[in-house]
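S.K.: This is the structure I have questions about; it appears just below.
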Amino acid sequence: MSGIRLSVLTVACMTVSLAAGARGQGQNAPAVFSPTSGDYATADIRVITPGVVFASGLPDIAADFTKETGKKVGIVVVGMGTIVEEMTKKTPPPDVIVLPFQLMTTLTLDGGVAPGTFTPLGRTRMGLAVRAGAPKPDISTVEKLAAALKSAKAVMRSNPASRTMVALLIDNVLKRPEFAGVNAPPSTKGEGGQALAAGEGDMAIQTISQILPYKEIELVGPLPAELGAWIDSGVAVSARATHAADARALIQYLLRPESNKVWKPRGLERFE
């Protein structure tokens, strides 16, 4: 656990997300990236996760687990604004839950996590993307990043009205005085990377795991570390699990060193 910390910025974003979740997911909120893998309702092991971990290779590792054990895994993605509520009310209930640290702590205190099962998973950093083949600016410092963003016609990013943690974290970064004057319109085509891949803007800020899947765009690099622009996630067995033993086995599979061959290239930095 040494070296693992949650940035003040991320904690603030998470707190806002929890407080505003219900109203942020109302009828005027933009759609949230919500893919699935497998059949959740009939799976032997049911998983609820935020999109950032899903995009980091979770379905691929789960598929390998199924090949080795025969246990079918069903995964659903839920937006941060309602994810804790889903974990406590969804039917059938989840067996494995994946959450950012702050939300996992909240769920644990509310009795939603099986005792002794919460384990740190990894860190997902925000990165800058450009269109494939475009020059990649130097963003090694906050000042250089600010200059790069100000040179763009439009820097796409997730709509903060969605109240997702990624959108709120990026919004807080862009509100820093160094980035005054940056044209960063909220995307109308999903997340920032997704919008850039669809032809909107000429740069995008998004989680690295949600930039890498698109061949139309390329990762420049992570945002400077001093911005604290990352999400630290953990995994646990749900207190409502109906397949607790299988859930523990899947978690151990996700955490084994061999799984890093999937996590790392997809943008999730495992905690050692």
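S.K.: What's the magnitude of the charge dipole for the stretch 84-172 around its Cα centre, counting Lys and Arg as +1 and Asp and Glu as -1 at the beta-carbon? Answer in Debye, nearest 20.
M.R.: I would put it at about 520 debye.
S.K.: Here's another thing I want to ask about it. Please tell me the relative contact order of the stretch 51-186 in percent, rounded to the nearest whole number, where contacts are Cα pairs under 8 Å and at least six residues apart.
M.R.: For the stretch 51-186, the relative contact order is 20 percent.
S.K.: Next up: Which percent of the accessible area of the chain is formed by carbon and sulfur heavy atoms (probe 1.4 angstrom)?
M.R.: Roughly 54 percent of what the probe reaches on the chain is carbon or sulfur.
S.K.: When the distances between all Cα atoms of the chain are binned every 5 Å from zero, what whole-number percent does each bin get?
M.R.: 1, 6, 13, 18, 19, 17, 12, 8, 4, 2, 0
S.K.: If you take the alpha carbon radius of gyration of the stretch 116-224 and divide it by 2.2 N^0.38 Å, what ratio comes out, to two decimals?
M.R.: Working it through for the stretch 116-224, the quotient is 1.04.
S.K.: Using each residue's phi in the stretch 139-152, evaluate 6.51 cos²θ - 1.76 cosθ + 1.60 at θ = phi - 60° and report the 3J(HN,Hα) Karplus result to the nearest Hz, with x for Gly and Pro.
M.R.: Residue by residue, the stretch 139-152 yields 10, 6, 10, 4, 4, 5, 5, 4, 5, 5, 5, 5, 7, 7 Hz.
S.K.: Once the Cα atoms of helix 8-24 and of the chain are each reduced to a long axis, what angle between those two axes, in degrees from 0 to 90 to the nearest 10, is obtained?
M.R.: So the helix axis and the longest Cα principal axis differ by about 70 degrees.
S.K.: Defining a contact as two alpha carbons under 8 Å apart and six or more residues distant in sequence, what relative contact order in percent does the stretch 37-80 show?
M.R.: This gives 62 percent for the stretch 37-80.
S.K.: Right, something else. With N denoting the number of residues in the stretch 219-272, provide Rg(C-alpha) divided by 2.2 N^0.38 Å, to two decimal places.
M.R.: Computed over Cα atoms of the stretch 219-272, the ratio equals 1.46.
S.K.: Quick one: angle between helix 165-174 and the longest Cα principal axis of the chain, in degrees between 0 and 90, rounded to 10, please.
M.R.: Helix 165-174 sits at roughly 20 degrees to that axis.
S.K.: Further question on the same structure: Dipole of the chain, Cα-centred, from +1 at each Lys and Arg C-beta and -1 at each Asp and Glu C-beta, to the nearest 20 debye?
M.R.: My answer is approximately 160 debye.
S.K.: For the stretch 36-129, compute Rh as the Kirkwood radius over C-alpha pairs and then the Stokes-Einstein diffusion coefficient at 10 °C and 1.306 mPa s; write the answer in µm²/s, rounded to an integer.
M.R.: D = 114 µm²/s.
S.K.: Hey, how much of the P(r) for the stretch 45-88 falls beyond 13 Å, as a percent of Cα pairs?
M.R.: Pairs farther apart than 13 Å: 55 percent.
S.K.: Right, next: Please give every one of the lysines within straight-line cross-link reach of Lys153, meaning a C-alpha to C-alpha distance under 28 Å, and leave out same-chain neighbours fewer than 8 residues apart.
M.R.: By straight Cα distance, Lys153 reaches Lys136, Lys144, Lys175, Lys189, Lys215.
S.K.: Also, quick follow-up: Peptides 38-46, 56-64: what's the order by average Cβ count within 10 Å, highest mean first?
M.R.: So the order, starting with the most tightly packed, is 56-64, 38-46.
S.K.: Using θ = phi - 60° and the Karplus curve 6.51 cos²θ - 1.76 cosθ + 1.60, what whole-Hz ³J(HN,Hα) does each residue of the stretch 188-201 get, with Gly and Pro shown as x?
M.R.: Each residue's phi maps through the Karplus curve to give 9, 10, x, 6, x, x, 5, 5, 4, 5, 8, x, 8, x Hz.
The values are calculated or read from the model by the stated rules, or taken from the named source; none is laboratory data. Keep in mind it's a predicted model, so treat the numbers as computed, not measured. Methodologically, a virtual Cβ is constructed for each residue, glycine included, from the backbone with ideal geometry; neighbour enumeration extends over all protein chains shown. All accessible areas refer to the heavy atoms of the entire protein, side chains included, with ligands and DNA or RNA removed. Shrake-Rupley method; radii C 1.70, N 1.55, O 1.52, S 1.80 Å.
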